[in-house]
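Here the structure is laid out as structure tokens; the discussion comes afterwards.
The values are calculated or read from the model by the stated rules, or taken from the named source; none is laboratory data. What you see is a predicted model; the values in this text were computed from it and never measured. For neighbour counting, all protein chains shown are included, and Cβ atoms are generated from backbone atoms with ideal geometry for every residue, glycine included. Protein only, heavy atoms only, side chains kept; ligands, DNA and RNA dropped before computing areas. Shrake-Rupley method; radii C 1.70, N 1.55, O 1.52, S 1.80 Å.
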Amino acid sequence: MKLQAAEKKKKKGQKLPVGFICICVLPAFLLTLIFTIIPTIRAFLLSLTNATSLGLNSKFVFLENYKYMFRDEYFILALKNTLKLMAVVPIITIAIALVLAFIISQSDLKERGLYRTVFYFPNIISLTVVGIIWSFVFHPTMGILNSFLNGVGLSAWAKSWLGDGSTALWCIAVTLVWQATGYYMVMHIAAMDGISSEIYEAATIDGAGPVRKMFSITLPLIKDIIGITFVLALSGTINLSFTLSKVMTGGGPNGASSVLLQYMYTQGFINGNFGYAMAITVFTLIISIALSMVSRKLTNSES
């Protein structure tokens, strides 16, 4: 018996062969290398040229594309628009998602599954379709929003929402929030379901109401998950705003709703300035990585 126990301990303590580990890791490494690392390096090298086609007949210009970015008024406008969305959309999205998740997870609703499905549904729709749907919502003559305003006697508020430079960007922001809220709600519900019900029962005995429970129990216990979802919302705002800007406004009017990736697309695939477009891409990537690192650092320091 002692011999068998010793053999079992020996087997448990054995390390996997290095060759076996390499074989398991190799497919993932190759996929990452081919579809992530090499394209990123290629994009950076292309950003150092004045390529007007896919690397053909290009000259090395070093950092001229990056210097020109900050003299390009349309790039500056796209950067400001992107930062505005990043400052507003993730906060509102996560806040709404948390409230909905708390209500659904703490209530005795029999239709919890239905509500989860309804709120999550926008996330499974193609983003292009989402953009088209909301373009009709904001349509100046056939749109639901203006029809509602006219119906309740607020005709003075009706306007061409996507054609007005002061509202076009915020229409995209509303669409982003609507599309992403259900996704983060489901993630927060999963985190909240992991909290022991005994904690809430004890809080109820002590006279705590729903709001007190949320701020004193739920949010502190899932703050790590909130940090992760906030980082995801930041990167999602950068990426998803491109599609909505392209579909809903085309970056107009006069660049009022243009964002970094939409402007990159315009420079690269419409104007043919691939070197400059790649410089914008690399700059956007650096912003995304930096913000993710800062967000995670703040989250870890708080915990």
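Show the residues, 5+ positions off or on another chain, whose built amide H is closer than 5 Å to the amide H of Thr49.
Amide H to amide H, under 5 Å and 5 or more residues apart or across chains, Thr49 pairs with Val61.
Given only helices, namely DSSP H runs of n ≥ 4 each adding -39500 (n - 2.57), what is the per-residue ellipticity at 222 nm of the chain, to the nearest 500 deg cm²/dmol? Spell out each step's value before the answer.
Numbers: 14 runs with 204 residues, N = 303.
The per-residue figure over the chain is -22000 deg cm²/dmol.
Can you give the accessible area of Ser196, probe radius 1.4 Å, in Å² rounded to 10?
Its heavy atoms expose roughly 50 Å² to the probe.
Please report the projected area of region 178-267's Cα convex hull averaged over all directions, in nm².
7.4
Please list the radius of gyration and Dmax for region 117-252, considering alpha-carbon atoms only, with Å as the unit.
When restricted to the Cα atoms of region 117-252, Rg and Dmax are 19.4, 56 Å.
Per the 1.4 Å probe, what fraction of the accessible area of the chain, in percent, lies on carbon and sulfur atoms?
Details: 12250 of 17910 Å².
Whole-percent figure for carbon plus sulfur exposure: 68.
Answer with one residue from Ile37, Val259, Thr229: the one whose Cα lies farthest towards the positive end of the charge dipole of the chain, charges on Cβ with Lys, Arg +1 and Asp, Glu -1.
Ile37
Please identify the helices of the chain, taking whole runs of DSSP H, that span at least 27 Å along their own axis as judged from the Cα atoms and have a mean Kyte-Doolittle score of -0.5 or higher.
73-106, 168-192, 223-244, 274-302
Which of Thr218, Leu145, Gly163 sits farthest toward the positive end of the charge dipole of region 63-301, with +1 on the Cβ of Lys and Arg and -1 on the Cβ of Asp and Glu?
Looking along the dipole axis, the top candidate is Gly163.
Could you count how many Lys pairs in region 63-301 have their Cα atoms under 30 Å apart, skipping same-chain pairs fewer than 8 positions apart?
Lysine pairs meeting the criterion: 18.
In percent, what relative contact order does the chain have, based on Cα pairs under 8 Å that are 6 or more apart in sequence?
After rounding, I find 28 percent.
Relative to 2.2 N^0.38 Å, what does the C-alpha radius of gyration of the chain come to as a ratio? Two decimals please.
Here the Cα radius of gyration is 1.29 times the empirical estimate.
Would you mind working out the accessible area per residue for the chain, using a 1.4 Å probe, and quoting it in Å²?
Using a 1.4 Å probe on heavy atoms only, each residue of the chain averages 59 Å².
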